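To start, the structure under review is shown below, and the notes come after it.
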């Protein structure tokens, strides 16, 4: 007989979207349609007080955006990427998938991770159009983790991870020097990597890694075409033919095009 006092653990997705020179909220409205279609989980959007999302989110949590402005060769670029460590506190779910808005969920593979044993899972490995990549935080530093996809269960160990990420963010200049990080701008990829290293006794530990490589399209995209079994990504100089899978898209301009909206319409019918 089923014990009626034991309830199933709630599962859901948390997405952070703060507009800058890029309309991340509009991107989230599209990519969350793919999440809804392929994972079937409730989605909570964390955004600012002025955002006007149109997707039917399970919940919308409004916070003051945090970030910094960085100078590039061409212009000043605003990043509102602080506060990801708040995902543990803000998530209304017992088990949570935290996703970047530029991650296209095209299958249900992430659901399989709920059946495995973990307090948190991180994306350790990545490939792009040039093949498998090994990314370090600096020439003499350690490999970083892609914070594009993070899973966690409400537990003391997962809470400690997110508290460490917050501490690293607040003291980033110290940790940047300590770990010989090449970039001056704060990245969640680096903060989660350092927190995981500390949690693992100051060595690289992939035991709580997601057991497959993420695929990232790093180059500008002209269009994407989907078939039943393949994804065709058309770049300026070539086309990538990929097995049907989740894709991380670095080209935010493409994610705001009519072609992308049409692709989402086609895939969510």
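Comparing 131, 209, 12 in a Gaussian network model of the chain, where Cα atoms under 10 Å apart are tied by springs, the biggest mean-square fluctuation is seen for 131.
Dividing the C-alpha radius of gyration of the stretch 167-224 by 2.2 N^0.38 Å, with N its residue count, gives 1.43. Relative to one another, the C-alpha centroids of the stretch 122-171 and the stretch 185-234 are positioned 9 Å apart. Between residue 207 and residue 242, residue separation times 0.36 nm minus the direct Cα-Cα distance comes to 9.9 nm. Going from the residue with the fewest nearby Cβ atoms within 10 Å to the one with the most, 189, 108, 48, 102 rank 108, 48, 189, 102. Summary value for the stretch 11-213: 21 percent relative contact order, contacts being C-alpha pairs under 8 angstrom separated by 6+ residues. Counted by neighbouring Cβ atoms within 10 Å, the residues 234, 124, 49 run from fewest to most as 49, 234, 124.
Distance between the 7 Å Cα→Cβ label points at residue 266 and residue 127: 2.3 nm.
Label-to-label distance, residue 48 versus residue 21, with points set 7 angstrom from Cα along the beta-carbon direction: 1.5 nm. At 7 Å along Cα-to-Cβ for each site, give me the label-to-label distance between residue 76 and residue 250 in nm. For residue 76 paired with residue 250, the spin-label model returns 2.6 nm. Under 1.5 on a/c is rounded, so check that first for the stretch 132-174, then, if it is not, pick prolate when a/b is larger than b/c and oblate when it is not; a ≥ b ≥ c are the square roots of the alpha carbon gyration tensor eigenvalues. Here the stretch 132-174 falls in the oblate category. Applying D = kT/(6 pi eta Rh) to the stretch 195-269, where Rh is the Kirkwood radius over alpha-carbon pairs, T corresponds to 20 °C and eta to 1.002 mPa s, the Stokes-Einstein value obtained is 147 µm²/s. Between 208, 21, 169, the GNM of the chain built on Cα springs shorter than 10 angstrom shows 21 fluctuating the most. Between residue 66 and residue 117, the contour length at 0.36 nm per residue exceeds the alpha carbon distance by 15.1 nm. Here the alpha carbons of the stretch 11-213 define both size measures, Rg and Dmax, at 16.5, 47 Å. Once the C-beta distance of residue 58 and residue 140 is scaled by a Förster radius of 35 Å, the resulting FRET efficiency is 0.20 to the nearest 0.05.
Just so you know, all these numbers are worked out from the coordinates, no wet-lab data involved. Here the structure is a predicted model, which means the values were calculated and not measured. Virtual Cβ from ideal backbone geometry, glycine too; neighbours counted across all protein chains shown.
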